[in-house]
Amino acid sequence: MAGEVDGAAGVHDVDAVLAGLRRHARQLVAEVAGPLRRVRLRSGDTVLEVEWHGAAATAEPVRVPEPPAPGTASTPPAAPPAAPGRIEVRSPIVGTFYRSPEPGAAPFVRVGDPVRPGQVVGIVEAMKLMNEVTAERAGRVVEILVDDGRPVEYDQPLVALDPA
């Protein structure tokens, strides 16, 4: 990427590069069969790195907690262990959990709603980017484990599902 990143045009250039990298990441994920551990895309000085965890993971990822915001508890309350047979939809990143796409909008899911694989159940905002949280398996929402607008940690359970 040529030029400075300080001015408005530079910020726009970085945003455009990140948008292109996100498109490439989605395309790559759609074309690859099976779970992915890590995708790293680079365009000039801009890097987009995405990591999923799952059954294929062999090592426990290193967790780097985000410092607490002033006036908040230092750690989020621990979620109780999942009931046997329940599926937990977990946070893919450290950030702030939102149940709806924008303030005042209907939530992505409510308790009792059926969920299909790949369906968005919430978003986690991190560094002004909205990251969709999707269900990996089908089920029915039995509990929303995190309040709207609350900070979440990587791999923290967000939504509990009874399998379909």
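Laboratory data are not the source of any read-out in this text; all were calculated from the coordinates shown. Computed from a predicted structure; not experimentally measured. Methodologically, a virtual Cβ is constructed for each residue, glycine included, from the backbone with ideal geometry; neighbour enumeration extends over all protein chains shown.
The table below lists the values:
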read-out	value
Among 150-162, 100-112, the order from most to least packed when residues are scored by Cβ within 10 Å on average	150-162, 100-112
Shape category assigned to the range 101-151 from the gyration tensor of Cα positions, a/c cut at 1.5	prolate
Residues whose placed amide H lies under 5 Å from that of Asn131, excluding near-sequence neighbours	Val124, Glu125, Ala126
